[in-house]
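The values are calculated or read from the model by the stated rules, or taken from the named source; none is laboratory data. Please read all numbers here as calculations on a predicted model, not as lab measurements. Backbone-built Cβ (ideal geometry, glycine too); neighbour counts: all protein chains shown.
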Amino acid sequence: MTALRKESHYPGKVAIKRAVEAAKACGIEVGGFEVTPDGVIRIIRQGNEPAAQQDEFSQWLAAGKLG
């Protein structure tokens, strides 16, 4: 019995360039992009980094609640 492998179909340079240009034409400040093996191109906005998560201790310390 042989294992079936799914072929990767990464998008080419032209498709990525078109996606970035389309995002810019829509007024999106492009900070980067991500491609997946199944051909998805994901545009990442400039300054759209996830906020750093703080644990409860850090929140209390920052708020001055720990004396």
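Some notes on this structure:
- Residues being touching an Asp or Glu at 6+ places or on another chain (Cβ under 9 Å) and among the charged types (D, E, K, R) - total across segment 12-49: 2
- Verdict on D38 being at pLDDT 90 or above and among the acidic types (D, E): yes
- Cβ-Cβ under 8 Å pairs, at least 6 apart or on other chains, segment 11-36 side among the β-branched types (V, I, T), far side in a helix (DSSP H, G or I) and surrounded by 14 or more Cβ atoms within 10 Å (Cβ to Cβ): V30/V20; V30/A23; V35/I16
- Count - residues of segment 7-30 that are in a loop (DSSP other than H, G, I, E, B), within 13 Å of I43 (Cα to Cα), among the charged types (D, E, K, R) and more than 17 Å from the chain's Cα centre (by Cα): 0
- If the condition is being small (G, A, S) and modelled with pLDDT under 95, then segment 1-26 contributes A3, S8, G12.
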